[in-house]
Amino acid sequence: MVAELSAQITAQIKQAAVMLKSAKSICVLTGAGVSAESGIPTFRDKQTGLWEKFRAEDLASPDAFARDPKLVWSWYQWRRQQVIDKKPNPAHLALAQWQELAAKSGLTFTLITQNVDDLHEQAGSCVHHLHGRLWQNRCNNCQKIVKQSPNPSNNAAQALSDELINCDDCGGILRPDIVWFGEALPEIEWQIAENAAADCDVFINIGTSSLVYPAAGLAQIARQHGAQVIEINPHPTPNTIVNVTIAAPAGRALPKLLKQISAL
Ligand code: BV8
Ligand code: ZN
């Protein structure tokens with residue numbers, strides 16, 4: 001039996017629901033915390049196993065890939081193995097349900113994620129990825145996109161092996177289609193995110209440490225354009241421009257928040 005949320009958190013959810021009830025446009029930014037209850041370690045969680053002695057930030061960079069492509073490729077293949085059997089949790093499902101309700105009631109609801117897993121898509125959401133997708137590769141030479149099937153059937157061994165894969169078109173090596181530190185975000189997705197943050201009445205940061213820019217700056221953009229900012233995170237973040245903090249896990253808070261909004 002999961003313990004009830006505290007009176008304080010219930011009050012925070014009520015406060016957020018009142019804010020959201022009158023909103024005509026909502027922008028949501030999710031981070032690794034939204035997948036934590038699906039069993040996927042967050043980006044800054046300590047790494048385990050073979051990767052224990054590495055920091056994610058040191059592997060997620062073009063320099064690291066140039067220096068040792070096989071090491072970085074193996075890390076991503078390991079991360080794919082870590083997420084391949086993971087399923088959406090109540091946070092992903094609540095966001096997908098909210099997006100569906102919004103579409104029916106003429107509310108603008110934009111979901112942006114920093115995550116590279118596909119759990120928002122599995123839950124049925126339409127989502128914009130700012131930092132790329134784990135299940136997609138790109139040729140390091142000609143930039144050709146090569147899908148990596150998340151459910152390797154017959155080619156399971158090859159699909160998640162540590163062997164580098166060469167591009168069929170030009171022979172260059174494939175890299176994950178992911179935005180590494182020091183690399184620009186995809187223009188279209190960033191433009192969508194910036195516009196949604198600037199146009200929304202309420203901006204919700206869910207499960208992100210708000211440490212990585214420019215994504216972490218979206219709440220500021222929203223606030224500067226007159227939006228209210230809600231944060232859902234069991235731990236404090238450096239975000240100082242928050243109107244309401246729901247200090248609870250997203251998988252617990254979001255279903256309750258959705259219920260509270262419809263009860264108003
Ligand atoms: C850019 C993909 C410019 C990788 C990621 C020097 C040179 C260049 C740039 C910089 C520089 N110095 C600083 C920068 C900017 C840099 C940056 O911000 N660095 C930080 C570290 C200071 N940013 C960049 O480099 C960006 N690019 O600036 O380009 C440019 C422009 C034009 C032309 C060329 C260049 C690119 C940033 C993207 C990096 N890639 N991911 C991969 O995944 O392998 S970012 C990485 O951090 C994650 O993937 C994630 O996307 C992001 C944020 O992490 P979070 O999602 O917040 O996860 P985290 O673990 O930190 O926190 C989890 C949170 O969840 C916690 O708060 C926890 O309390 C909470 N939580 C836990 N459980 C729950 C929960 N919440 C709710 N419910 C729960 N159950
Ligand atoms: Zn190529």
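The values are calculated or read from the model by the stated rules, or taken from the named source; none is laboratory data. It should be emphasised that the depicted structure is a prediction, and the values quoted were computed from it without experimental measurement. No Cβ is skipped: glycine too gets one built from the backbone with ideal geometry, and neighbour counts run over all protein chains shown.
For the reader, a short list of remarks on this structure follows.
- Applying the criterion of at least 2 residues that are touching a strand residue (DSSP E or B) at 6+ places or on another chain (Cβ under 8 Å) and not β-branched (Val, Ile, Thr) to the strands (runs of 3 or more DSSP E) found wholly in region 128-243 leaves 132-139, 174-178, 202-206, 228-232.
- Qualifying positions in region 107-126 - away from ligand 1 (no atom under 12 Å from the Cβ), touching a residue at least 60 places away in the same chain (Cβ under 8 Å) and not in a strand (DSSP E or B): LEU107, LEU119, HIS120
- Residue in region 179-197 that is closer than 30 Å to GLN143 by Cα, more than 10 Å from ligand 1 (Cβ to nearest atom), hydrophobic (A, V, I, L, M, F, W, C) and touching a helix residue (DSSP H, G or I) at 6+ places or on another chain (Cβ under 7 Å) present: yes
- Residue in region 118-136 that is at negative phi and within 16 Å of ligand 2 (Cβ to nearest atom) present: yes
- Any hit, region 68-89, residues being of a type in the set (A, V, I, L, M, F, W, C) and either within 16 Å of ligand 2 (Cβ to nearest atom) or exposed (fewer than 15 other Cβ atoms within 10 Å of the Cβ) (or both): yes
- Qualifying residue in region 40-57 (condition: away from ligand 1 (no atom under 14 Å from the Cβ), aliphatic (A, V, I, L, M) and either assigned to a helix (DSSP H, G or I) or modelled with pLDDT under 95 (or both)): yes
- Among residues of region 37-60, those that are in contact (Cβ under 8 Å) with a residue 60 or more places away in the chain and either more than 18 Å from PHE181 (Cα to Cα) or not hydrophobic (A, V, I, L, M, F, W, C) (or both), counted: 6
- Among the residues of region 148-181, those identified as at pLDDT 90 or above, in contact with a Pro (Cβ under 8 Å, 6 or more places away or on another chain) and more than 15 Å from ligand 2 (Cβ to nearest atom) are VAL179, TRP180.
- Considering THR208, THR240, THR245, the condition of being buried (at least 18 other Cβ atoms within 10 Å of the Cβ), out of contact with any helix residue (DSSP H, G or I) (no Cβ under 6 Å at 6 or more places or on another chain) and over 22 Å from HIS129 (Cβ atoms) is satisfied by THR245 alone.
- Qualifying positions in region 248-264 - crowded, with 17+ Cβ neighbours inside 10 Å, part of a helix (DSSP H, G or I) and of a type in the set (A, V, I, L, M, F, W, C): ALA250, ALA253, LEU254, LEU257, LEU258, ILE261
- Within the option set TRP98, TRP73, being under 30 Å from PHE203 (Cβ atoms) and of a type outside the set (S, T, N, Q) holds for one residue only, TRP98.
- In this structure, VAL18 qualifies as within 30 Å of SER262 (Cα to Cα) and among the hydrophobic types (A, V, I, L, M, F, W, C).
- Residue identified as within 27 Å of GLY217 (Cβ to Cβ) and assigned to a helix (DSSP H, G or I) among SER74, SER35: SER35
- Here ALA23 fulfils each of the conditions (1) out of contact with any Asp or Glu (no Cβ under 6 Å at 6 or more places or on another chain); (2) touching a residue at least 40 places away in the same chain (Cβ under 8 Å); (3) more than 26 Å from GLY172 (Cα to Cα) apart from (1).
- Extreme residue, surrounded by the fewest Cβ atoms within 10 Å (Cβ to Cβ), among residues of region 212-231 that are touching a residue at least 60 places away in the same chain (Cβ under 8 Å) and under 20 Å from ASN115 (Cβ atoms): VAL212
- All conditions in (1) within 14 Å of ligand 1 (Cβ to nearest atom); (2) assigned to a helix (DSSP H, G or I) hold for LEU101, with the sole exception of (1).
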